[in-house]
Amino acid sequence: MKKQDSNKSKVSLLDLGANKAAAHLTEQLGHWGVKPFRGKQILRQVFQRGTLDFALMTDLPIELRSRLASAYELYPLLTAGKSVSRDRTIKQLWRADDGSVVESVVIPMQRGHRTVCLSTQTGCALGCSFCATGRLGAGRNLSAGEILVQTIHPVSGGQGGEIRDSDNANSDRSLNYVFMGMGEPMLNYENLASAIRVMNHNDFMQVGARRITVSTVGLPEQMVRFSTEFPQVKLALSLHAAEDKLRRNLMPVAAKTPLPELIKACHECNRITGRRITLEYLVLPGINDSESDITALARISKRLSCKINLIGYNPVDGLTFRKPTHPELIQLRDKLFELCKTAVTIRDPHGNDIAGACGQLAGVRTPGAHARRAVRTEKREAGRQRGGKGRGPAR
Ligand code: SF4
């Protein structure tokens with residue numbers, strides 16, 4: 001997949017947003033004396049068929065294709081590498097013109113479904129203690145186009161990408177999109193919102209809102225705004241601790257948003273959308289899985305319309321948390337369900353061996369580095385499992 005001429009005078013079509021893209025094309029085509037219906041054709045090619053090369057739009061006259069190529073940029077990010085996991089998870093590395101790198105992941109799910117995990121920032125200033133992106137420190141916000149290209153071509157390959165096999169690929173109901181990659185989506189609100197509007201719009205990608213999930217560490221104001229503007233899009237809250245002191249230790253941002261304030265915001269989101277919020281709970285054995293932790297989590301869940309998703313910690317180089325065993329997760333799930341009678345699920349880990357699982361994304365550049373990192377963390381993990389419980393930061 002090659003980037004077209006990166007001449008800065010070109011307009012980035014993916015960055016314009018739903019309304020402006022259509023208007024810009026209409027005006028430009030009018031200026032060239034081209035019939036307006038061509039505008040819809042172009043949008044269909046780009047956003048529904050995933051054709052990010054004007055030369056391949058064979059339903060357009062050749063002259064128009066070359067005019068479009070000289071006026072518009074279609075690749076806000078370059079594909080810069082791809083890793084494939086033993087479980088068929090694919091991690092895509094992207095590179096921006098300024099040298100920033102970012103990753104997205106395509107995860108195979110049951111019944112042929114796939115989940116595309118999207119990034120919104122090149123690093124993260126929030127510094128959660130268990131997260132590889134947080135260890136990179138602050139990055140920059142991705143533009144709307146840089147977010148969208150991850151959804152249009154989730155993996156490098158030919159026209160339409162390797163996971164697409166129909167003319168109307170983006171309306172393919174087997175694809176779900178989660179904003180759980182690098183960065184805190186709500187800190188890049190405007191570009192996130194612009195990308196979601198394009199994804200959801202009928203003239204653009206036609207992705208049903210319920211196939212999109214946005215996950216946040218919990219920024220109350222943005223959560224309420226988001227629920228108001230996108231009531232059908234699913235919202236997930238990274239809770240990870242049910243008590244303020246521990247939450248502050250794990251997630252420094254919690255110092256600004258005490259749990260009572262966060263729960264109030266969740267209530268408001270429930271009221272606005274009439275939908276359940278997913279409480280994500282990263283299980284860190286010996287840190288947040290005690291009897292009292294679980295009792296407190298159950299108490300919070302009873303106060304909300306929600307479901308709980310337990311996520312086993314995925315090892316990150318340089319961190320000393322322990323990955324829970326599957327029986328530990330099952331036991332926790334059952335105990336929690338017993339206490340709160342709310343739906344409790346366990347997220348299947350995917351892409352561990354390519355550092356593509358939850359919390360592991362950090363813009364690593366080479367498959368060799370993934371493999372070496374995976375071997376190191378697996379060895380350390382095996383040693384820990386033999387030697388008993390792992391260590392983590394003190395409470
Ligand atoms: S978990 Fe999310 S919010 Fe926390 S450091 Fe990682 S990317 Fe940032």
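The values are calculated or read from the model by the stated rules, or taken from the named source; none is laboratory data. Small disclaimer: the values here were computed from a predicted structure and weren't measured. Cβ sites come from the backbone with ideal geometry, for glycine too, and all protein chains shown count toward neighbours.
List of remarks:
- Residues that are assigned to a helix (DSSP H, G or I) and small (Gly, Ala, Ser) within the stretch 270-313 comprise 292, 296, 298, 301, listed in sequence order.
- Boolean, residue 176 is under 21 Å from the mean Cα position of the chain (by Cα), more than 28 Å from residue 286 (Cα to Cα), more than 16 Å from the ligand (Cβ to nearest atom) and of a type in the set (S, T, N, Q): yes
- From the list 51, 58, the one residue that fits, being closer than 16 Å to residue 145 by Cα, out of contact with any Ser or Thr (no Cβ under 9 Å at 6 or more places or on another chain) and of a type in the set (Ser, Thr, Tyr), is 51.
- Qualifying positions in the stretch 262-296 - within 16 Å of residue 346 (Cβ to Cβ), β-branched (Val, Ile, Thr) and in contact with a helix residue (DSSP H, G or I) (Cβ under 8 Å, 6 or more places away or on another chain): 283, 294
- Test: residue in the stretch 230-248 that is surrounded by 23 or more Cβ atoms within 10 Å (Cβ to Cβ), under 23 Å from the mean Cα position of the chain (by Cα), at pLDDT 95 or above and assigned to a helix (DSSP H, G or I): yes
- Residues being within 24 Å of residue 319 (Cα to Cα), free of Cβ contacts under 8 Å to residues at least 40 places away in the same chain and surrounded by fewer than 21 Cβ atoms within 10 Å (Cβ to Cβ) are represented in the stretch 251-274 by at least one member.
- Residue that is part of a loop (DSSP other than H, G, I, E, B), surrounded by fewer than 17 Cβ atoms within 10 Å (Cβ to Cβ) and away from the ligand (no atom under 16 Å from the Cβ), where the choices are 99, 127: 99
Quick grid of which residues meet (1) assigned to a strand (DSSP E or B); (2) out of contact with any strand residue (DSSP E or B) (no Cβ under 8 Å at 6 or more places or on another chain):
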| residue | (1), (2) |
| --- | --- |
| 9 | no, yes |
| 24 | no, no |
| 35 | no, yes |
| 55 | no, yes |
| 66 | no, yes |
| 79 | yes, no |
| 83 | yes, no |
| 93 | yes, no |
| 103 | yes, no |
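- Qualifying residues in the stretch 237-295 (those that are under 14 Å from residue 306 (Cα atoms) and among the small types (Gly, Ala, Ser)) - the one nearest to the ligand (Cβ to nearest atom): 238
- The set of residues in the stretch 80-96 being out of contact with any helix residue (DSSP H, G or I) (no Cβ under 9 Å at 6 or more places or on another chain) and of a type in the set (A, V, I, L, M, F, W, C) consists of 80, 93.
- Per the conditions (1) away from the ligand (no atom under 16 Å from the Cβ); (2) closer than 24 Å to residue 126 by Cα; (3) hydrophobic (A, V, I, L, M, F, W, C); (4) not in a helix (DSSP H, G or I), the sole criterion not satisfied by residue 207 is (2).
- Of all residues in the stretch 55-72, those satisfying the criterion of being in contact with a helix residue (DSSP H, G or I) (Cβ under 7 Å, 6 or more places away or on another chain), over 16 Å from residue 26 (Cα atoms) and not small (Gly, Ala, Ser) are 57, 59.
- Counted residues, the stretch 110-119 - those being part of a loop (DSSP other than H, G, I, E, B) and either over 16 Å from the mean Cα position of the chain (by Cα) or more than 9 Å from the ligand (Cβ to nearest atom) (or both): 2
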